[in-house]
Amino acid sequence: MNIAIIGAGNVGRALAGASVRAGHIVTISSAHPENACTVADDVGAQAAASNSAAAAAADVVVLAILYGTIVDVLDEIGDGLRGKIVVDVTNPLTDDYSGLAVVGTSAAEQIQARVSGARVVKAFNTALAARQADPQIEGTQLDGFVAGDDADAKAVVLELVKSIGFRPIDAGPLAMARALEALALLNITLQIRNHWSWQSGWKLVGLTATA
């Protein structure tokens, strides 16, 4: 796949590295292009001079950014996302991490409403950056939950999730992003409250059919 990763922080770096190792063509961008260049050099990806340039050349655009920057990033890229698969990795957390900053919706649904021509899929947000880079813990393959309304787009993202090492789980329509964002909040708050090492991940057990 030809993938653009918007964001060169911990999440962007983790997903870029994992995607390169899986054999995908990866371009990474950032609000600060020098950061994108550093990450690209480290993981074997390409760097783009702007978010718009990264998105223009890709089939799949991954938003590995902070929730609070979504509006600015979408306004910058504009029509460049129309027709593309957009993977939302964001989690809409409040500033104090006490809850979600959305009610009755999700970050993914907000993105879909703002860029109506894009095919938005929620994925990767339930995994911490360490597990996005390496989706296994002591030999146990972690689950990658994927939600979206466009069946073809979701199938592509399920394949991407599988290719970097997760067990892909179809979580249903895009509205299920609300549950996935809540699941991420639970993991994050557990890390903070218990002073854990930000290494844990989710695994659904007891399945009787292939996910």
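The values are calculated or read from the model by the stated rules, or taken from the named source; none is laboratory data. What you see is a predicted model; the values in this text were computed from it and never measured. All Cβ positions, glycine included, derive from the backbone under ideal geometry; neighbour counts span all protein chains shown.
Applying the selection to segment 115-137, what residues are of a type in the set (A, V, I, L, M) and assigned to a loop (DSSP other than H, G, I, E, B)?
Residues satisfying the conditions are Val115, Ala118, Ala127, Leu128.
Given (1) at pLDDT below 95; (2) small (Gly, Ala, Ser); (3) part of a strand (DSSP E or B), identify the lone condition not met by Ala147.
Ala147 satisfies all of (1) at pLDDT below 95; (2) small (Gly, Ala, Ser); (3) part of a strand (DSSP E or B) except (1).
Inspect all residues belonging to segment 118-128 and state whether any of them is touching a residue at least 40 places away in the same chain (Cβ under 8 Å), of a type in the set (Ser, Thr, Tyr) and touching a strand residue (DSSP E or B) at 6+ places or on another chain (Cβ under 7 Å).
Yes, that holds for at least one residue.
Taking Asp134 as the residue in question, decide whether it is over 19 Å from Lys84 (Cα atoms) and surrounded by fewer than 22 Cβ atoms within 10 Å (Cβ to Cβ).
So Asp134 fits the description; yes.
Can you pull out the helices (runs of 4 or more DSSP H) entirely within segment 50-114 that have at least 1 residues that are within 14 Å of the chain's Cα centre (by Cα)?
Hits in segment 50-114: 70-77, 107-114.
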